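Chemist: I'd like to ask you about the structure that follows.
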Amino acid sequence: MSIRLVVAFSFLSVLGVAFSACSTPVAARPTWAIALHGGAGTLERSASVEQQQEHRVALERALQAGRERLQRGESALDVAEAVVRILEDDPHFNAGKGAVFNEKGEHELDASIMDGSTMACGAVAGVRTVKNPVSLARLVMEKTRHVLLMGEGAEQFATLVGVERVENTWFDTEYRRKVLQEVLEERKLKGSALGSARNAPRDPRHDYGTVGCVVRDQNGRLAAATSTGGLTGKRWGRVGDAPIVGAGNYADGIVAVSGTGTGEQFIRHTVARSIGARVQFGGQSLAEAANAVVHGVLRPDDGGIIAVDREGNLVASYNSTGMYRGLADSNGRFEVAIFEK
Ligand code: ASP
């Protein structure tokens, strides 16, 4: 080969390498990422297009608010709280306004919030007059040395810190009342004084709508928040997984997770923390860990989770008919879904 040919050849191959490097760009890590859920179980697939559309619009509105706050540089903790407040105020979801009824036809609300950058967390259980339980949970985190306040004590704390209060009936919606009647009828027919058997799966039609949000902010901090009215027809001061750190809500420096579904199952299997532990100690990716727990540990129809990791990877995994959810990041992702795509 002549010298000239060799030079020309090497020049072309350098160009080729440069070209192939440019033609397969590696997606940059997002600077922020957010996921929210509006509950697992969901409307039946047969739900009218209008009903589905209403829920999508509600999810989009909350996701859009979260996106704007993250673009402005707000902290993961502030964004998670703000987004959950929007979902609590929206009657489509089983949290705040629109919460399910307990057996007595009243509402008892559970919520928690966790700051992964400090491991600080706060929770409330069985509150009855607090308009936005997630914000009371945050105040438990910031203004007390405790993690979880329940019932009357949580109400007294609410008075002390001056959060917005409402009558218990303010949370009522006609739809949830109808569902309570169905549940009580069914209970009467089955003649069960204690409700369904200990391990019976919940009826996913009855309880969908718990809300949650997980966030990675521009500084790499993670946070998770979850809020719920619990299960329709619940009894005796029942508390679910939403206010139990590590069960229905969890954040540390590696992952943030929020769950929805049969709370008892999420508590038994410490679902949110298990997902984090698989990533931390088991070397699994966030998606592998989430799918292993949702599809391998929980039972079909138990529910699902949303999660984000410190790299900004987002996951929504569920084993129910669907899960109301929204995912967005700084790379332009913005999607809202109910069923499989
Ligand atoms: N996990 C909630 C609870 O058990 C209910 C739900 O997510 O639908 O209280």
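The values are calculated or read from the model by the stated rules, or taken from the named source; none is laboratory data. None of these values were measured; they are calculated from a predicted model. Heads up, the Cβs are rebuilt from the backbone with ideal geometry, glycines too, and the neighbour counts pull from every protein chain shown. Heavy atoms of the whole protein, side chains included, go into the accessibility calculation; ligands, DNA and RNA do not. Shrake-Rupley method; radii C 1.70, N 1.55, O 1.52, S 1.80 Å.
Chemist: First check a/c for the stretch 221-269, with a ≥ b ≥ c the square roots of the eigenvalues of its C-alpha gyration tensor; if it is under 1.5, answer rounded, and if not, answer prolate when a/b is larger than b/c or oblate otherwise.
Modeler: Details: a/c = 2.95, a/b = 2.24, b/c = 1.32.
Prolate shape, in that a/c is at least 1.5 and a/b is the bigger ratio.
Chemist: For Leu327, what is the net charge nearby, where nearby means another residue's Cβ is under 10 Å from its Cβ and Lys, Arg count +1, Asp, Glu -1? Could the numbers behind the result be given before it?
Modeler: Working: positive: Arg325, Arg333; negative: Asp329, Glu335.
Counting the neighbours of Leu327, the net charge comes to 0.
Chemist: Nearest 10 degrees is fine. How inclined is helix 151-161 to the longest principal axis of the chain, computing both from alpha carbons?
Modeler: Tilt relative to the chain: about 70 degrees.
Chemist: Also, quick follow-up: DSSP beta bridges in the chain, what fraction antiparallel, as a percent rounded to 5?
Modeler: Working: 49 of 53 bridges.
Percent antiparallel among DSSP bridges in the chain is about 90.
Chemist: Please calculate how many Å² of accessible area the stretch 204-341 carries per residue, with a 1.4 Å probe and no DNA, RNA or ligand atoms counted.
Modeler: On the way: 4340 Å² over 138 residues.
The answer is 31 Å² per residue.
Chemist: Just the number, please: carbon plus sulfur as a percent of the accessible area of the chain, 1.4 Å probe, no ligands or DNA/RNA counted.
Modeler: Details: 8450 of 15240 Å².
The C+S portion of the solvent-accessible surface of the chain is 55 percent.
Chemist: Under the classification rounded if a/c is under 1.5, otherwise prolate if a/b is larger than b/c and oblate if not, where does the chain fall, given a ≥ b ≥ c as square roots of the Cα gyration tensor eigenvalues?
Modeler: Working: a/c = 2.29, a/b = 1.89, b/c = 1.21.
It is prolate, given that a/c is not under 1.5 and a/b is the larger ratio.
Chemist: Give me the accessible area of Thr321, 1.4 Å probe, in Å² rounded to the nearest 10.
Modeler: Solvent-accessible area, nearest 10 Å²: 60 Å².
Chemist: Further question on the same structure: Hey, what number do you get for the chain at 222 nm if only DSSP H runs of n ≥ 4 count, each worth -39500 (n - 2.57), divided across all residues, to the nearest 500?
Modeler: Working: 10 runs with 130 residues, N = 341.
Mean residue ellipticity at 222 nm (helix-derived): -12000 deg cm²/dmol.
Chemist: For the chain, modelled as a Gaussian network with Cα springs under 10 Å, which listed residue fluctuates most, Val83, Val179, Val214?
Modeler: Val179
Chemist: Rounded to the nearest 10 Å², what accessible area does Ser285 have for a 1.4 Å probe in the complete protein model?
Modeler: We get 50 Å² for Ser285.
Chemist: What is the local net charge at Ala33, summed over the other residues whose Cβ is closer than 15 Å to its Cβ (Lys, Arg +1; Asp, Glu -1)?
Modeler: In short, +1.
Chemist: Over the stretch 53-110, give the accessible area per residue in Å² for a 1.4 Å probe, as an integer. Present the calculation step by step, with values, prior to reporting the outcome.
Modeler: Details: 2090 Å² over 58 residues.
Per residue, the stretch 53-110 has 36 Å² of solvent-accessible surface.
Chemist: With a 10 Å cut-off between alpha carbons and a GNM built on the chain, which of Lys178, Lys131, Lys97 moves the most?
Modeler: Lys178
Chemist: Mind checking the stretch 212-291 for chymotrypsin sites (Phe, Trp or Tyr not before Pro) that DSSP puts in a loop (not H, G, I, E or B) and that have at most 14 other Cβ atoms within 10 Å?
Modeler: On the way: sites: Trp236, Tyr250, Phe266, Phe281; in loops: Trp236.
Listed in order of number, the matching sites are Trp236.
Chemist: By per-residue mean of other Cβ atoms within 10 Å, what is the highest-first order of 61-68, 141-148?
Modeler: Values: 61-68: 19.2, 141-148: 14.1.
Per-residue Cβ counts within 10 Å, averaged per peptide and sorted highest first, yield 61-68, 141-148.
Chemist: Something else now. Given springs between every Cα pair under 10 Å in a Gaussian network model of the chain, which of Ala247, Ala224, Ala111 has the largest fluctuation?
Modeler: Among Ala247, Ala224, Ala111, the largest GNM mean-square fluctuation belongs to Ala247.
Chemist: Calculate how steeply helix 3-23 sits against the longest principal axis of the alpha-carbon atoms of the chain, using the helix alpha-carbon long axis, and give the answer as 0 to 90 degrees to the nearest 10.
Modeler: Orientation of helix 3-23: about 10 degrees from the principal axis.
Chemist: A further question follows. Going by the alpha-carbon gyration tensor, a ≥ b ≥ c the square roots of its eigenvalues, is the stretch 92-177 rounded (a/c under 1.5) or, if a/c is not under 1.5, prolate (a/b greater than b/c) versus oblate?
Modeler: Details: a/c = 2.36, a/b = 1.77, b/c = 1.33.
Taking the square roots of the gyration eigenvalues as a ≥ b ≥ c, the stretch 92-177 is prolate.
Chemist: Where Lys and Arg each count +1 and Asp and Glu each count -1, what net charge lies around Val57 among other residues with Cβ under 12 Å from its Cβ?
Modeler: Charge balance near Val57 sits at -2.
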